[in-house]
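Working notes for the structure below.
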């Protein structure tokens, strides 16, 4: 049995490092985009439209991953796209987490009318199709980075609130909470010292998951042309364009798709990996 | 002629060198009730599970033989062994609340085996099940047969499990801490019921328990276990008159008795623990050299 | 009883939220409908026609009064009753969602049973890894990958539309998949399935992973319970024990979660329909948002909310039917 | 200063039974404690015994005010604590402590032993917490290294000793022990019981010991209260109760205990 656990542990280590490696790479690309990108991501050259990547015959030297229909460099756009993706992931992920986990913790531990009100809001929110809701919000607020972040927080806080509420409720029934009360600890203090550490691993997993989801939502909004004004480089915008010209220039779709896929996967694995490695109960 | 015989049975956690059973040998004559006693982790439950072929997946047998009614179970194919056990053995489990399938009615849970494994006709199996429910003093067997488990009390469910264990007239029953989850007053009724049924049907029982008090009420013989090793194999009267092994003696001394309040409780002394650990080490070294 | 009441409150809440959010839309939808050179009077006339000149609470109650009678107002762009438009598209989305649900249950169930049968082996570990991947990548990405794989690199399925446009359709309802079966038109049925397969699969993959993981976990927990052990000692083999003793009890905890997840899946159709140019509600919703067609947006959102709450009610009922503890008599 | 540390007068507790809740209106209430009158004297060890459903754990939780009684009064050292709120209870809390049945669930799995014992001390503004933690560890016979362990790294008996250390670290007047040995093997059971008995004597504590096991109770307690379905059916000095049980239920309970003795007549 301990042997099987060792196997899982090794796997956990591997996935932690692999996902951290990829996310580190994306972060570096985002930070140093102007230094790394071989071209201006917005520069068009209609004579260089739909050039294939370097290993395909007919490629244009210097455009490693080819160009799109307007002759913009795919690699450069990919690198600049990482900036928006990461900003959205970090800011929207963190904000959603604080709001959702906070409300969930309160509802689950305090119960009573606090729980009733928060749960009712969760119910209402759960009756909205999230993608449609986010599109609607962007249409209302107008495109832009801030709008995207706000929209993500508004639609996704329930993801945290639901799970954390259930967990906090379970932890609240444990005797160590009773024991803190016998010791004379107040309700808020008990919530922070006894409940929070025990739901923290779940929060971490949800947070990294949410970061991946935020990246996807941004991509979806770009895909339906609602995210960032016009032709700024975003992965979703590139995918949207690639979907149209999929039969003529597959590379316009494939590279941002791979980047998106790996990033989302890496975020979700990062959370699980962190939990396996740092949770004292599992260690 | 013994009905069940274990010869040098050893088991360990898979791919690990941590033994759970260390060359356990014991015998059970037809109609005999043997207690398996020890503290948690002593391996007493493992023995019962090994006999019934329900060891956890992570546990493997590393040596020894299990003879049931003159037949070495290890030599049978997995399927034949299963059927052999299904025909002649039964289990009374610990927790009556989880031992009945909550989504099935009582009747099929008793008659399944009679029909599927023993090949009875369903009507005969149902009649038999009702007889047995009557025998364990359940008032309205026909109604109980139609009920779902959650409609019945804990004591009632334990009676049903006992009836179900005796249904196929097994030669051997493994009772795995069957009263640990119950109140003392209910425990007394259930223990008496088991003893009663055992006497009437002449069944041999392996009675797994941590409670020496319970052993003294239902068993003819007992084996005391520590670290997966049998440290004492004795009959009941001479055991309670004076255990032979120091560990058994310490265990008996640590068991509270309301009849003599003056005697202070003595935890099992460290020297005794060191003693049995030494025996185990010596045993492991002998094994390593073989 | 209490359940129905909370459901009503939820629906009312949804209506209020949508109504408020939409009324804050900057830009006048009427202005877009009018030809250049229209006078202020024209705008005022249209505003009055659609009720935009009244206060927001007034507009809300007028609209709510219509909704109760099944009238969701008139679409601004299409100038048709919203109710008819929405109900016309609903079958396409329902067929897609149900198809995806069936696929997810089959795939997830198979994974769970196989993983339980081979538990604590390398097979189970492999299933876990596959499940983990399927779970962490959302339907949008799976859709794109499927388009790339089975639409472009190895084009075996259609990647756009609901049915080949040149085909003549003899249908009286919009439940094409269902009706083609009833009419025994297997040629049409095959064409429809070939269009539907990839979007349904994209929706099904994450859900199947959830079902697979949850059901396997609860099966494995059930396999440790005493009644399963008892069945083993009675001479039954592993497969029999899993199917007859464990499965039914293990399904219950999975069921409630699958209900919630199914509503997520239906929500996912919005973007998946867009991706596959599938003519369902979701596609219509995105167009409605781009066109600022307020009555249509409201109608679609309320319909989605109705479906979601309906699914949850059905799941609760199903739970009560499957769980003997909640059955009366 | 009166002789009684605790007094309960007409103590009642009922909980709503949600399983039988009608469509409209409040759920019917389950009476768990049906008007109990008793007192706990300073320095005594009171055994509270009963089967499952007798209400013995609920009673304990009312004494340390984890539950608020729905009727009657509870007086601690002359002060009515029946309906005090959290803030008013806080200064009193350091005087009555509790040890729980299941140490796995009563010790926060994500805190180390040192933190677990220190937390209530910090809370009550005790000076020199480190020394007090060290002393508490010492009193339950642990080496100081134990402070850095997590609960899941210990055995059941060890965890229960942490529970005891945490309770005595505040130097309370009263400790409630709720079925604290029922999950343990007999050898660690004896160890925990002996430890508790010694501490009560050395520190001059008052102890209420809840158990279903009369053998254990007799071993430890000076006076015994027998509960049956939310009512006190018998209350007497230990020796008297065992010599001549008055209530029929007590007799039944005594008769049902299987002694480790094959000669016992057990009919």
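Quick note: the coordinates plus some simple rules give every number you see, no bench work behind them. Computed from a prediction, not measured in an experiment: that's the story for all the values here. Cβ atoms come from the backbone with ideal geometry, glycine included; neighbour counts cover every protein chain shown.
Entry for region A:22-278 at q = 0.11 Å⁻¹: log10 I(q)/I(0) = -0.67, Debye formula applied to identical alpha-carbon scatterers, no solvent contribution.
In whole percents, the pair-distance distribution calculated for chain C from its alpha-carbon pairs, binned every 20 Å from zero, is 25, 49, 22, 3, 0. Can you give the angle from 0 to 90° between the axis of helix C:82-117 and the longest principal axis of chain C, with both taken from C-alpha atoms, to the nearest 10? Compared with the principal axis, the helix lies near 20 degrees.
Averaging the Cα positions of each part gives two centres, and for region D:233-267 and region C:187-246 these lie 54 Å apart. Over all projection directions, the Cα-based convex hull of region D:106-171 averages an area of 3.9 nm². Using R0 = 51 Å, the C-beta based FRET efficiency linking residue C:43 and residue A:32 works out to 0.45.
Return one number: the angle in degrees, 0 to 90 and rounded to the nearest 10, between the long axis of the Cα atoms of helix C:186-223 and the longest principal axis of the Cα atoms of chain C. Roughly 50 degrees between the two axes. Among D:171, A:162, sorting on how many other beta-carbon atoms sit within 10 Å of each Cβ, with the fewest leading, yields D:171, A:162.
Working note: Cα atoms of region A:2-141, range along each principal axis, descending, whole Å: 68, 55, 25. Peptide C:288-298 shows a mean partner chain C-beta count of 2 within 10 Å per residue C-beta.
Calculated mean residue ellipticity, 222 nm, chain A: -24500 deg cm²/dmol, from DSSP H runs (n ≥ 4) at -39500 (n - 2.57) each, averaged per residue and rounded to 500. For chain D, what D do you get in µm² per second when you plug the Kirkwood radius from alpha-carbon pairs into Stokes-Einstein at 4 °C and 1.567 mPa s? Stokes-Einstein gives a translational diffusion coefficient of 66 µm²/s. In terms of other Cβ atoms within 10 Å, D:155, B:103 run from fewest to most in the order D:155, B:103. Our note on the geometry: Cα centres of region B:222-252 and region C:129-164, 67 Å apart.
Say we join alpha carbon atoms closer than 10 Å with springs in a Gaussian network model of chain A; which of A:163, A:117, A:205 then has the biggest fluctuation? Largest GNM mean-square fluctuation: A:117. Sorting C:301, B:231 from the fewest to the most surrounding beta carbons within 10 angstrom yields B:231, C:301. For chain A, a Gaussian network of Cα nodes joined below 10 Å ranks A:67, A:116, A:208 by mean-square fluctuation, and the top entry is A:116. Compared with the dominant Cα axis of chain B, that is its longest principal axis, helix B:184-201 is turned about 80°.
Based on C-alpha pairs under 8 angstrom that are at least 6 apart in sequence, region B:143-225 has a relative contact order of 31 percent. The modelled label-to-label distance between residue A:17 and residue D:229, using points 7 Å beyond Cα along the C-beta direction, is 6.7 nm. With both residues required to sit in chain B, DSSP beta bridges show an antiparallel share near 55%. Of all DSSP-defined beta bridges confined to the protein assembly as shown, some 55% are antiparallel rather than parallel. Our summary gives region D:106-171 a relative contact order of 48 percent, counting only alpha carbon pairs under 8 angstrom and 6 or more residues apart. Which percent of the Cα-Cα distances in chain B go past 30 Å? For chain B, the share of Cα pairs beyond 30 Å comes to 35 percent. Calculated on the alpha-carbon coordinates, the convex hull of region C:139-217 measures out at 123 cubic angstrom per residue. Over all directions, the projected convex hull of the C-alpha atoms in the protein assembly as shown averages 56.0 nm² in area.
Per residue of chain B, the DSSP helices (runs of n ≥ 4 H) give a summed -39500 (n - 2.57) that works out to -13000 deg cm²/dmol at 222 nm. First obtain the Kirkwood hydrodynamic radius of region A:134-216 from its Cα pairs, then insert it into the Stokes-Einstein equation at 25 °C and 0.890 mPa s, and state the resulting D in µm² per second as a whole number. Answer, rounded: 165 µm²/s.
Residue by residue along C:307-313, Cβ atoms of other protein chains within 10 Å of the local Cβ number 2 on average. Gyration tensor over the Cα atoms of region D:166-217: the corresponding equivalent ellipsoid has semi-axes (square roots of 5 times the eigenvalues, largest first) of 19, 12, 10 Å. What the Cα convex hull of region C:181-314 gives, in volume per residue, is 157 Å³. Summary value for chain A: 24 percent relative contact order, contacts being C-alpha pairs under 8 angstrom separated by 6+ residues. Top mean-square fluctuation among A:83, A:165, A:243, Gaussian network model of chain A, C-alpha springs under 10 Å? Fluctuation is largest for A:243.
Size descriptor for region B:161-290, Kirkwood hydrodynamic radius: 16.8 Å (Cα pairs only, one decimal).
Summed over qualifying helices (DSSP H, 4 residues or more, each -39500 (n - 2.57)) and divided by its residue number, chain D shows a 222 nm mean residue ellipticity of -10500 deg cm²/dmol.
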